[in-house]
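Enquirer: My questions will all concern the structure given below.
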There are 2 protein chains.
Amino acid sequence: MFNEIIRNIVDEAAGGVGAVLMGYDGIAIAQFFHPYEGADLQMVAVEYANILKEIRKTAEILEAGAVEEVCIKSQKFHVVIRSVHPDYFVALTLQWDGNFGKGRYLLMREAPRIRKALEL
Amino acid sequence: MFNEIIRNIVDEAAGGVGAVLMGYDGIAIAQFFHPYEGADLQMVAVEYANILKEIRKTAEILEAGAVEEVCIKSQKFHVVIRSVHPDYFVALTLQWDGNFGKGRYLLMREAPRIRKALEL
């Protein structure tokens, strides 16, 4: 179920490299990555969790309310991270020339479905 | 000079709460914050630097190239962070209903000017 949703997000997002549904503790529930040379994508996913933890800490200090979305643009990749549950997030990695807006939209569209499935 | 640029960014961005030009070591060169109750904004700025360090580490693992922009949307605030130099970044905080696109645009517009001034 989760594997299918995650894989569909990567396939639908033009330029999608991979996506992961993960807990803030760094443990993945589901993930799908296209074969990619030059990076240990499992390790990258754990790093995402570290980033989100750092951001949540800052949001707490700022009394900013729950973190909804984080976008990271680098020279080669764009990453969209969306909170789908108090304990879980989805991170989608796109090629830099992928459709970033579509990626954001897909995570927004699928978030309620993932949340619902997590609460079953 | 830097103070003026930073203050202008906050003033021009509709809904701007504050901005800071800071090194990745957490030391601010210039900052401007509107009076804001309920958060130690200086501490928040140092937290931004921690986030960016974490993100740069991930980008390195992902061999993703230099990090250009990070956006964080929470329930109360939107934060745009833009790298302006290998050692420095600007972080702009907006109210959640502020003009996020304008904020991004302002950082993009001012980045080359700030970089030039840093290299003098």
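The values are calculated or read from the model by the stated rules, or taken from the named source; none is laboratory data. Keep in mind that what you see is a predicted model, and the values were worked out from it rather than measured. Neighbour counts are summed over all protein chains in view; Cβ atoms, including those assigned to glycine, are modelled from backbone coordinates with ideal geometry.
Enquirer: If you go through the range B:39-55 one residue at a time, do you hit one that is without any contact (Cβ under 8 Å) to a residue 24 or more places away in the chain and on the phi > 0 side of the Ramachandran plot?
Expert: no
Enquirer: Right, next: Within the range B:57-75, is there a residue that is in contact (Cβ under 8 Å) with a residue 40 or more places away in the chain and in contact with a strand residue (DSSP E or B) (Cβ under 8 Å, 6 or more places away or on another chain)?
Expert: no
Enquirer: If I ask for residues that are closer than 15 Å to A:G65 by Cα and assigned to a strand (DSSP E or B), which ones from the range B:62-107 would you list?
Expert: Result: B:I72, B:K73, B:S74, B:F77, B:H78, B:V79, B:T93, B:L94, B:Q95.
Enquirer: Sticking with this structure for a sec: Take the range A:8-60 and flag every residue that is among the charged types (D, E, K, R) and within 10 Å of another protein chain (Cβ to nearest Cβ).
Expert: Listed by number, the residues that qualify are A:E37, A:D40, A:E47, A:K53, A:E54, A:R56, A:K57, A:E60.
Enquirer: Exactly one of (1) under 17 Å from B:G16 (Cα atoms); (2) under 11 Å from the mean Cα position of the chain (by Cα) is unmet by B:S83. Its number?
Expert: Result: B:S83 passes all but (1).
Enquirer: Also, I was wondering about something else. Of (1) hydrophobic (A, V, I, L, M, F, W, C); (2) under 18 Å from A:P86 (Cβ atoms); (3) within 9 Å of chain B (Cβ to nearest Cβ), A:I72 satisfies all except one. Which?
Expert: Here A:I72 clears every test but (2).
Enquirer: If you don't mind, there's one more thing I want to ask. Of these, B:Y48, B:Y24, which one is buried (at least 23 other Cβ atoms within 10 Å of the Cβ), modelled with pLDDT under 90 and among the aromatic types (F, W, Y)?
Expert: B:Y48
Enquirer: Exactly one of these conditions fails for A:K73: (1) out of contact with any Asp or Glu (no Cβ under 6 Å at 6 or more places or on another chain); (2) surrounded by 17 or more Cβ atoms within 10 Å (Cβ to Cβ). Give me its number.
Expert: For A:K73, the exception is condition (1).
Enquirer: Among the residues in the range B:91-106, are any farther than 29 Å from A:V84 by Cβ, under 14 Å from the mean Cα position of the chain (by Cα) and more than 13 Å from chain A (Cβ to nearest Cβ)?
Expert: yes
Enquirer: Kindly indicate the residue of the range B:27-45 that is in contact with a Gly (Cβ under 9 Å, 6 or more places away or on another chain) and within 20 Å of B:G98 (Cβ to Cβ) and also surrounded by the fewest Cβ atoms within 10 Å (Cβ to Cβ) among those meeting that condition.
Expert: Going through the qualifying residues, I end up with B:H34.
Enquirer: If the requirement is being closer than 19 Å to A:K73 by Cβ, buried (at least 21 other Cβ atoms within 10 Å of the Cβ), touching a residue at least 60 places away in the same chain (Cβ under 8 Å) and touching an Asp or Glu at 6+ places or on another chain (Cβ under 9 Å), which of these qualifies: B:L94, B:L107?
Expert: B:L107
Enquirer: Also, quick follow-up: Which of the residues spanning the range B:110-120 are within 12 Å of the chain's Cα centre (by Cα) and loosely packed, with under 13 Cβ neighbours inside 10 Å?
Expert: Matches in the range B:110-120: none.
Enquirer: For A:I5, which of the numbered conditions (1) surrounded by 16 or more Cβ atoms within 10 Å (Cβ to Cβ); (2) under 26 Å from B:A66 (Cβ atoms); (3) more than 7 Å from every other protein chain (Cβ to nearest Cβ) fails to hold?
Expert: Just one mismatch for A:I5, condition (2).
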